[in-house]
1. Report the one residue of Gln166, Val226, Phe154 whose Cα lies farthest in the direction of the positive end of the charge dipole of the chain (charges on C-beta: Lys and Arg +1, Asp and Glu -1; origin at the Cα centre).
2. May I ask you to work out the translational diffusion coefficient for the range 304-351 at 10 °C, viscosity 1.306 mPa s, via Stokes-Einstein with Rh from the Kirkwood sum over Cα pairs, reported in whole µm²/s?
3. Considering the chain as a Gaussian network with a 10 Å cut-off on Cα pairs, which listed residue, Leu26, Leu93, Leu346, attains the greatest mean-square fluctuation?
4. How big is the shadow of the Cα convex hull of the range 330-424, averaged over all directions, in nm²?
5. Counting other C-beta atoms within 10 Å, which of Leu104, Leu250 has the fewest, and how do the rest follow?
6. Classify the range 80-236: rounded, prolate or oblate, from the alpha-carbon gyration tensor (a ≥ b ≥ c, eigenvalue square roots; a/c under 1.5 rounded; otherwise prolate if a/b is larger than b/c)?
7. Between Glu296 and His84, how many nm apart are label points set 7 Å from Cα along the C-beta direction?
8. Taking the simple approach of a point 7 Å from Cα along Cα-to-Cβ for both Lys367 and Ile414, what is their distance in nm?
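Taken together, the values in this text are just the output of simple stated rules run on the coordinates, not laboratory data. In this text, all values refer to a predicted model and were calculated from it rather than measured experimentally. As a convention, Cβ positions derive from the backbone with ideal geometry for all residues, glycine included, and neighbour counts pool all protein chains shown.
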Amino acid sequence: MADYEDNKQNTSFTLFNNETGKSYELPVIKGKDGPNVLDIRKLYQETGMFTYDPGFTSTASCDSSITFIDGNKGILRHRGYDIHELASHSEFLEVCYLLLHGDLPSPEDKQKFKDVIRNHTMLHEQLVHLYRGFRRDAHPMAIMVGVVGALSAFYHDSTDFSDINQRMIACHRLIAKIPTIGAMAYKYSIGQPFVYPRNDLSYAENFLYMTFSVPTEEFKISKKIVQAMDRFFVLHADHEQNASTSTVRLAGSSGANPFACIAAGIASLWGPAHGGANEAVIKMLEEIGDVKNIPEFINKAKDKNDPFRLMGFGHRVYKNYDPRASVMKESAHEVLEELNKLDDPLLKIAIELEKIALKDEYFIEKKLFPNVDFYSGIILKALGFPTSMFTVLFAIGRTVGWISQWKEMIEDPINKIGRPRQLYLGKTSREFQKESTREKKSIFKWLWK
Ligand code: ACO
């Protein structure tokens, strides 16, 4: 919770209006780490002007104590802990506890938390029937949006968010059920029977079991693969106020049901500029096809007249190597080694592409580095996931971040409904035009030939 009075700086920022000769003092609020912010909450009241920042490139939309990113230095910390340390020493459910509650759990609390999550892994049987309403070839992200949204129709015992117990039940249900929902989306798409969760397995192993096991055979999976899956979830757990998290917060700011808010976050994550990039990376690597074709694709990415971009490269915040990408690269090697696939042609292309791009003036000048999605697709493909499932896996890992950010917002006493304003550039007031005097427009040519 923000204590603005404590964090207010002695300095302020003076805004001078050349037209009126008036100046305005904007208070500066100091962050615990990272850039300070200008407090513009009274700007409109005092100046009659809004700020203009499409894409929020210079706007802090909220205060938060969950995740810190220094994009220039390539630092990512959750509740103060470096992502490298968490990825090396913590399992995913420990990171979930950390994000939700602020500290790493004691051994007793960790066990209790795991037990609570285990108690919620099954879906309501009625919800299981919902899957059958989808076409078999539906994109699993479409199913995720539908099924997670539908959770809001099932849990009437956790809709009073002023009650901490009800809030926490909603958080636990989401973390527990999202792997079941994702695995079932996959099973449905390939026509295999749904596999119910097993509570004797760890979070990651249970997900792999529900996804890849079949009733006819014993399920066996190596520890290294389970570890890689778990680490994938850790690396995706939260990432500050990105598009999907901001979507969850904005939806939640009106007091909407948290399951519906998370469904909105999943929808936002789906896009290729966000979580859909891991799917797009594999498609791109397959299209490149051979190391010798890399220069051609690098040139395409640099060509202003070509919409092609190097997928898995560049980030709004990181102007340095994405710290998650380095762990992911390491993990990719481990997984491929374990599966005897180190000569994977896509891995070779990815390594070479990274090498060439990092030496290229265009990418250096624009500070475009590999992001988390660059190597994650290679791991997921090696594990046997089809590309359409990649973003689902991202959503499973990110659910804890979304729900932690939602919880933080709901618990913040200064929480207000999110309501951005706009710079209006449309027509000013004009007289209503009678139908007989209106011109035929050509924009609908495709409709009436
Ligand atoms: N390939 C080639 N050029 C690029 C790339 C890329 N991958 N990314 C950015 N650029 C160029 C842009 O053309 C632009 O050039 P200009 O200044 O000459 O116009 C400049 O770099 C800045 O790019 P913007 O799109 O303005 O940067 P923004 O911060 O808005 O975009 C984004 C960030 C969307 C991630 C972008 O880098 C991109 O499209 N990358 C590819 C998709 C991708 O990997 N997305 C995953 C992001 S990570 C995540 O969501 C988990």
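1. Of Gln166, Val226, Phe154, it is Phe154.
2. Details: Rh = 12.7 Å.
Answer from the Stokes-Einstein relation: 125 µm²/s.
3. The residue that fluctuates most here is Leu26.
4. Values: hull surface 42.8 nm².
Averaged projected area of the range 330-424's Cα convex hull equals 10.7 nm².
5. Working: Leu104 16, Leu250 20.
The order, fewest Cβ neighbours first, is Leu104, Leu250.
6. Values: a/c = 1.91, a/b = 1.19, b/c = 1.60.
It comes out oblate by the Cα gyration axes.
7. Inter-label distance under the simple model: 3.9 nm.
8. In this crude label model, Lys367 to Ile414 measures out at 2.7 nm.
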